[in-house]
Amino acid sequence: MIVADARTRVIAPVYNGGKWGDPDELALKDVKVKSAKRAGAASDPANAQFGASAYATATVEATYENDSVRATKEATLGFAKVAGNWTAIGQEEDASVSYEPLAGVNEAQVKANISDLLERAEQGMHDTSGAGSASGSGTDSAGADTNAGGGIGELSLAGIYADGKLEVASSDFDADAKTDVVRLHAEKDGAFDKRSCDIEATFSFRSVNGLWEITDTKVPADAKARDFSPLIGTWEGTFQTQETDGGKCLAAAEAPLVLTIAAQEGKGAVDGSGSQLTGSIDVLAHFHAQPSRDSKSADGDEALHGVALTAGYAGDTAEKGLSFTGTLPDQAGGKVDVELDFGPGGDATAAVAKVTTSHTRTSSFLFIPYSETAMYTDTYLLRRK
């Protein structure tokens, strides 16, 4: 009788798993009678029954479970004997609940509340590194906030990865220690860059309420580092326009640019500063004086093939997008500077190369020597080859 009565009178613990646990309700699994004893009167006078010949109390233990947690509830129930029959009186009394984990945190809940986990990991990064943040506006191609000069403003792990790709790589659940160490891999892909990091979060189970809490996080120092590997590959440039102070030389129209980006050097900075792209370039250089009028070509045009190129990160701006600049190794005819702009004007599908040739020659006027420099900036629209 006591067990059957307890199944209906003992109220199941209200449980929802919190942010990290199994959200399924708890189901009654078992009821045990720990003790039962008679009493001369009802424990609560309000529950006294007219004509009762005896009273009794029973301490019961009810167990509730879902797939991840077990709740054990202990409560005292009252009974009265009226007309020779025992009947339940009052409500449960002296109720207490304790919890124990049957499994680790819920993977779906971790993903659903990833922003909270990332914010906790961010706090850990600041605690160990003392890193600060700066204000700014705009975004880089992976969606991180930047200012017009390329600096990062309010860049956080949550700001980078909350809407990126997230994978739970492993989970080490220790029932005795009531801990679960979860390792996650996060990625955020942009049109021309990406970021990735591995995060280790330690969750501890609280027996008093059955909830998991984050007690420790570990994040590598380069968790926010900008990776430009999406740029690696071969790009072909189609001539668009030329800027110069006099007559134009349009020989580049017949000489497509070929840019090969082989590697990134200097990964580690949050905004990409200090990074360099290395590779080679095929491009036309104008090692000649200014034509008197626009021309298709000129003596001194030189096709450069397979010339080594190192271009350093030059910032992110709304106008140019993600920029890299570099100067080709010394050429006999002059100097060649290269600017690479990815996503100019906010267009994530566009990429542009600007090649500026500077050619200096010495002339004389009335036997007085002087130097004269002609500069040509050819703009190419880049497409992956």
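The values are calculated or read from the model by the stated rules, or taken from the named source; none is laboratory data. On a predicted model such as this, the values are computed, not experimentally measured, just so you know. As a convention, Cβ positions derive from the backbone with ideal geometry for all residues, glycine included, and neighbour counts pool all protein chains shown.
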> Quick one: in region 309-331, which of the residues that are in a strand (DSSP E or B) and hydrophobic (A, V, I, L, M, F, W, C) is farthest from the chain's Cα centre (by Cα)?
Replying inline: LEU309
> Is there a residue in region 322-332 that is in the same structural domain as LEU259 (by TED's automatic domain parsing), under 18 Å from LEU250 (Cβ atoms), crowded, with 16+ Cβ neighbours inside 10 Å and aliphatic (A, V, I, L, M)?
Replying inline: no
>> Out of the residues in region 228-263 meeting the condition of being part of a loop (DSSP other than H, G, I, E, B) and not charged (D, E, K, R), tell me which one is surrounded by the most Cβ atoms within 10 Å (Cβ to Cβ).
In response: PHE228
> Here are HIS359, HIS305: which of them is surrounded by fewer than 16 Cβ atoms within 10 Å (Cβ to Cβ), assigned to a strand (DSSP E or B), assigned by TED's automatic domain parsing to the domain that holds LEU250 and not polar (S, T, N, Q)?
Replying inline: HIS305
> What tally of residues in region 77-98 results from selecting those that are at pLDDT 95 or above and either under 14 Å from LEU28 (Cα atoms) or of a type in the set (Val, Ile, Thr) (or both)?
Replying inline: 1
> Hey, PHE50 hits all of (1) surrounded by fewer than 14 Cβ atoms within 10 Å (Cβ to Cβ); (2) part of a strand (DSSP E or B); (3) at pLDDT below 95 but one; which does it fall short on?
Replying inline: (2)
>> So SER297 passes all but one of these: (1) at pLDDT 95 or above; (2) within 44 Å of the chain's Cα centre (by Cα). Which condition number does it fail?
In response: (2)
>> What pairs come out if I take residues in region 37-58 that are under 15 Å from ALA83 (Cα atoms) and pair them with residues that are surrounded by 14 or more Cβ atoms within 10 Å (Cβ to Cβ) and modelled with pLDDT under 90 whose C-beta lies under 6 Å away, six or more apart or interchain?
In response: ALA48/ALA42; TYR55/ALA42
> within 57 Å of the chain's Cα centre (by Cα), among the aliphatic types (A, V, I, L, M), loosely packed, with under 15 Cβ neighbours inside 10 Å and in a strand (DSSP E or B) - does that describe any residue in region 81-97?
Replying inline: yes
